[in-house]
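First, the structure itself, so that you have it in front of you.
The values are calculated or read from the model by the stated rules, or taken from the named source; none is laboratory data. Please read these numbers as outputs of a predicted model, since none were measured by experiment. As a convention, Cβ positions derive from the backbone with ideal geometry for all residues, glycine included, and neighbour counts pool all protein chains shown. Note: areas computed on protein heavy atoms with side chains; ligands, DNA, RNA excluded. Shrake-Rupley method; radii C 1.70, N 1.55, O 1.52, S 1.80 Å.
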Amino acid sequence: MILSIESSCDDSSLALTCIENASLLYHIKLSQDEEHSTYGGVVPEIASRLHAQRLPEILKKLKTFLNDDLSVIKAIAVTTRPGLSVTLIEGLMMAKTLCLGLQIPLICVNHLKGHIYSLFITDNTESTFAGHSYTFESTQKNLSLRVNQCLPLGILLVSGGHTQILTMRGANDISLIAQSLDDSFGESFDKVAKYLGLGYPGGPIVESYAKEFMQNYPHTAPHSFPVPLLHNHQLQFSFSGLKNAVRLAIEALPQPFSPKDLGSICAGFQKSACEHILRKIRLFFQTQQAQNLTHFAIVGGASANTYLRQEIEKLCIEFGKTLILAPLQFCSDNAAMIGVCAIEQYQREDFTPLHEAQISPKSLSTDFCEK
Ligand code: KG4
Ligand code: ZN
């Protein structure tokens, strides 16, 4: 099995994945939402210290799960890019130490590719948790079969750091089609929540206020915000203008904010942000390169957004694409997706010598080829 480590932002997570059939055997994650909440965003220094403290704690639990027998681990996988360099380094240090101690290879994983591979996680933790049995009958198809079934695949990646459209035509053939010129979709939710004093992470909070508003005032239009890049026909995203429009609207509100105003801002913002994404995906679906895509996926932390999911589902039906989504618990950052992604690299023997593995001070945005 492969032990995978994720520490690219504010989640400390470890997982064990079976090499033979790529199923998830063990997964543990400690989030730092509470610690960063008062700041309205992730404070890298605090995140780094918390990883340093928590990664060893959860490694201890994983060791107990394995009855202290680490010889079953054949490689260590770790997220090395993109992300916060001061938090990535914590995961990489632990990975290198484990590789040295156990004399096994290191697999460096791209976090965004990990999000894509969250689509292919087969969760077997329930069946292995009680019995501690790692050799079970494999009824699942192996990973490459699972991946190939969904190819060629179009992808919307919406996380805290990135908003991208990608295509995947092979297990390791991923191309970047479009990305944000400035802020990301998830980040703009975080900022809106911060302006409204609602805490961090903003995505789920803003979504729930928006939902409540739409339920309580079904006949009232929410605050109206401009849809970004409305008259621009390029495949690109932008959220900073919308973010500022929301900030100005909030500054004009009477204080303290009434629940109705809070809901109206959140619903109006979410509507414009999603409308922007939808218009760009429609544009993408109309391009030549999207014609033969049979499947379409939404991945990344913000792919948990129900409104976005529903709207994209309608678009997929219109264009005849099969929508695929990761299980909700694996949309946000986790080591399980890093583990399943690492299986593909393990099979190609894509290992990194320990002395070559490092964190770039300015995290590379992507490993994907640009088209
Ligand atoms: O992928 P992720 O867990 O971390 C990064 O790689 O950045 O994504 C986290 C981002 C945060 O910005 C969070 O606010 C956003 O995903 N998010 C959401 C929702 N749930 C999480 N955004 C909109 N709606 C949601 N329901
Ligand atoms: Zn992420």
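Quote the accessible area belonging to Tyr307 in square angstrom, nearest 10, computed with a 1.4 Å probe and with ligands, DNA and RNA left uncounted.
Rounded to the nearest 10, the figure is 50 Å².
Convex hull over the Cα atoms of the chain, averaged projected area in nm²?
18.9 nm²
Magnitude of the Cβ-charge dipole of the chain, K/R +1 and D/E -1, about the Cα centre, nearest 20 debye?
The dipole of the chain has a size of about 600 debye.
Related question: With +1 on each Lys and Arg Cβ and -1 on each Asp and Glu Cβ, how big is the dipole of the range 132-326 about its Cα centre, in debye rounded to the nearest 20?
Roughly 240 debye for the range 132-326.
Compute the long axis of helix 85-102 from its Cα atoms, compare it with the longest principal axis of the Cα atoms of the chain, and write down the angle in degrees, 0 to 90, nearest 10.
20 degrees
OK, next. Report the one residue of Ala326, Ser240, Gly186 whose Cα lies farthest in the direction of the positive end of the charge dipole of the range 132-326 (charges on C-beta: Lys and Arg +1, Asp and Glu -1; origin at the Cα centre).
About the Cα centre, the residue reaching furthest to the positive side is Ala326.
Continuing with the same structure: Checking the cross-link filter: which aspartates and glutamates have an alpha carbon closer than 13 Å to that of Lys243, excluding same-chain neighbours under 8 positions apart?
Within the straight-line limit of under 13 Å, Lys243 reaches these aspartates and glutamates: Asp182, Asp183, Glu187, Asp190, Glu251.
Right, next: Amide H of Ser332: which non-local residues (sequence gap of 5 or more, or other chain) have their own amide H closer than 5 Å, using H built in the peptide plane?
none
Would you pull out the residues with amide H under 5 Å of Ala75's amide H, same chain only if 5 or more places away, H placed 1.01 Å from N?
For Ala75, whose amide H was placed from the backbone, the distant partners under 5 Å are Leu3.
Taking every DSSP beta bridge with both residues inside the chain, roughly what % is antiparallel (nearest 5)?
Around 50 percent of the beta bridges assigned by DSSP in the chain are antiparallel ones.
Once the Cα gyration tensor of the range 132-326 is diagonalised, what are the square roots of 5 times its eigenvalues, in whole Å and ordered largest first, as equivalent ellipsoid semi-axes?
33, 20, 15
Between Asp182 and Thr97, take the C-beta separation as r, use R0 = 41 Å, and let me know the FRET efficiency to the nearest 0.05.
It comes to 0.60.
Something else about it: Say the cut-off is 29 Å between C-alpha atoms; which of Lys113/Lys314; Lys260/Lys321; Lys191/Lys280 go over it?
In this structure, Lys260/Lys321 lie more than 29 Å apart at Cα.
What aspartates and glutamates sit close enough to Lys96 to cross-link, taking a C-alpha to C-alpha distance under 14 Å and skipping anything fewer than 8 places away on the same chain?
Filter leaves Glu6, Glu356.
What percentage of the solvent-accessible surface of the chain, computed with a 1.4 Å probe over protein heavy atoms, is contributed by carbon and sulfur atoms?
52 percent
Normalised by the number of residues in the chain, what is the relative contact order in percent for Cα pairs under 8 Å and 6+ residues apart?
That works out to 25 percent.
To the nearest 0.05, how large is the calculated FRET efficiency for Gln289 and Ile317 if R₀ is 30 Å and r is the Cβ-Cβ distance?
FRET efficiency, Gln289 to Ile317: 0.90.
Among Ala171, Ala252, Leu143, whose Cα lies farthest out toward the positive end of the dipole of the range 116-267, if unit charges sit on the beta carbon of Lys, Arg (+1) and Asp, Glu (-1)?
Ala252
Would you mind working out the accessible area per residue for the range 256-371, using a 1.4 Å probe, and quoting it in Å²?
That works out to 45 Å² for each residue.
Separate question: Helix-only mean residue ellipticity at 222 nm, the chain, DSSP H runs n ≥ 4 weighted -39,500 (n - 2.57), per residue, nearest 500. What is it?
-13000 deg cm²/dmol
Could you tell me which trypsin sites (Lys or Arg not before Pro) in the range 1-57 are loop residues by DSSP with no more than 12 other beta carbons within 10 angstrom of their beta carbon?
Here no loop site has a sparse enough neighbourhood.
If you average the sequence gap of Cα pairs under 8 Å that are 6 or more apart and divide by the length of the range 132-326, what percent do you get for the contact order?
25 percent
Right, here's the next one. So how long is each side of the range 46-124 along the principal axes, counting just the alpha-carbon atoms, biggest first, in Å?
Per principal axis, max minus min of the Cα coordinates gives 32, 31, 22 Å.
Moving on. On each of the three principal axes of the Cα atoms of the range 1-93, give max minus min coordinate, whole Å, ordered largest first.
42, 25, 21
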